[in-house]
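Student: Below you'll find the structure I mean.
Derivation of every value follows stated rules applied to the coordinates shown; laboratory data play no part. Note that the structure is a prediction, hence the values are computed from the model and not measured.
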Amino acid sequence: MYKHLLIATDGSELASKALSQGLGLAEALDARATVLMVSEPWTAFVSGEAAIAFPIEEYDRAVTAKVRDVLTAAATAAKAQGVTCETVHAKDQYPAEGIIAAATRYGCDLIVMASHGRRGLTRLFLGSQTNNVVTQSTIPVLVCR
């Protein structure tokens, strides 16, 4: 069965549910976990005049603080459940690519992540990182909602 789970999180409430499910599965399987948070490149969010109002240094500080908080909470939850866990920050990557690359790099045999379940125009405009992972990964993916 699975021995090393990659659990992707963005710190959202839904991702926290997937983290909980992933850690529970790791505990039940006596598997280890790598909890990953991917932060997108600064330019993905801001361009043009807005870049002046939101400098890259401020973006980096905000991302670093959020990642630290989310991954610290994940490590604490894993420890409470007795799950061997490593936390990883994939900086300046798009989520789907960062998740797949990390799963491969760390030798994971299952990816656990959340899906917002968007449909129609919302999915078209916002995209689906989960769908990209499911369709592009050669590693099995467990999607939690």
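Student: Whole-Hz ³J(HN,Hα) for each residue in the stretch 10-22, computed from phi via Karplus 6.51 cos²θ - 1.76 cosθ + 1.60 with θ = phi - 60°, x for glycine and proline: what do you get?
Tutor: Calculated HN-Hα couplings, in order: 10, x, 6, 4, 5, 5, 5, 5, 5, 4, 4, 5, x Hz.
Student: What ³J(HN,Hα) values, in whole Hz, does the Karplus curve 6.51 cos²θ - 1.76 cosθ + 1.60 give for the stretch 89-102 when θ = phi - 60°, with x put for Gly and Pro?
Tutor: For the stretch 89-102, the Karplus-derived couplings read 10, 9, 8, 6, 10, 7, x, 4, 5, x, 5, 5, 4, 5 Hz, x marking Gly and Pro.
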